[in-house]
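Read through the structure below, which is laid out as structure tokens, and then see the notes.
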């Protein structure tokens, strides 16, 4: 991870490190620089990017209205939220905007305006008017995954990669960031299948790590698809999913997480599905939905998906059983 890619919110805290009534002596320069690096890493890279974008939006809005973003008054933040909501931004997006504003003030050792009752009240009103239900994407259930990979030409590098990515992403219920982070050294072959080590994930930012079992399949086997891609691309170390350039050259760095979204949408279109209905998370939700439809054990589902809270997985089971033993069956 690039430790120089700091968010704007981290910079005040990093500058604070250099502030002291008595400047740090030169022999501590290495320790100061090391601490700056850790300060920059307190949030995941994707979180830092999102917060940086949110903060810039807030700054630009304040500049247009001739208001101070840092420190910002509660009235300023409340009006900003109202303006964003009026433009169709979802409560989930506004919650992240608030988090970015809160972090910027905290890192600058300033009291956050987001703690005020005015801001809390404005946000509560927005949630009541616009609702809080997320605009969920469709799950790429097993039937859809098969339809998506069927037209792929696996004799091409891009095709072999995409088939392996879709099948592995589905079979391991991977988050897109996890999928593109998998390295060759993270793969452990077993007689029953494959074990993939996850070094760090959304719910494991401290890097404790976890493992995902991938079972072999008959016709749409993720392990065979992965082996075919690795052989065709001659990848022996480093990230397994990489960019393929024109002319058949395979890159050396991992795909971005957003590339997973584009690949899912591309092959959804080829399967006569609506691309806008699918995203990177469709692979993960597709596995859980398919497993629930197949009456898989809740705890076995969690073993693959690595969910900590059974309630989250129960949502997929509940949706798959909506019409089972329906109370209205036979009434009309």
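Residues of the stretch 54-87 that are loosely packed, with under 15 Cβ neighbours inside 10 Å and at pLDDT below 90: 86, 87. Just checking, does the stretch 213-235 include any residue being in contact (Cβ under 8 Å) with a residue 60 or more places away in the chain, under 23 Å from the mean Cα position of the chain (by Cα) and farther than 21 Å from residue 280 by Cβ? Scanning the stretch 213-235 turns up at least one residue that is in contact (Cβ under 8 Å) with a residue 60 or more places away in the chain, under 23 Å from the mean Cα position of the chain (by Cα) and farther than 21 Å from residue 280 by Cβ.
Residues that are touching a strand residue (DSSP E or B) at 6+ places or on another chain (Cβ under 7 Å) and buried (at least 17 other Cβ atoms within 10 Å of the Cβ) within the stretch 212-234 comprise 212, 214, 222, 223, 233, listed in sequence order.
None of 283, 332 is out of contact with any strand residue (DSSP E or B) (no Cβ under 6 Å at 6 or more places or on another chain) and crowded, with 20+ Cβ neighbours inside 10 Å except 283. Determine which single condition residue 91 fails, assuming it passes every other condition in (1) touching a residue at least 40 places away in the same chain (Cβ under 8 Å); (2) closer than 16 Å to residue 58 by Cβ; (3) buried (at least 18 other Cβ atoms within 10 Å of the Cβ). Going through (1) touching a residue at least 40 places away in the same chain (Cβ under 8 Å); (2) closer than 16 Å to residue 58 by Cβ; (3) buried (at least 18 other Cβ atoms within 10 Å of the Cβ) one by one, residue 91 breaks only (2).
The values are calculated or read from the model by the stated rules, or taken from the named source; none is laboratory data. Keep in mind that what you see is a predicted model, and the values were worked out from it rather than measured. No Cβ is skipped: glycine too gets one built from the backbone with ideal geometry, and neighbour counts run over all protein chains shown.
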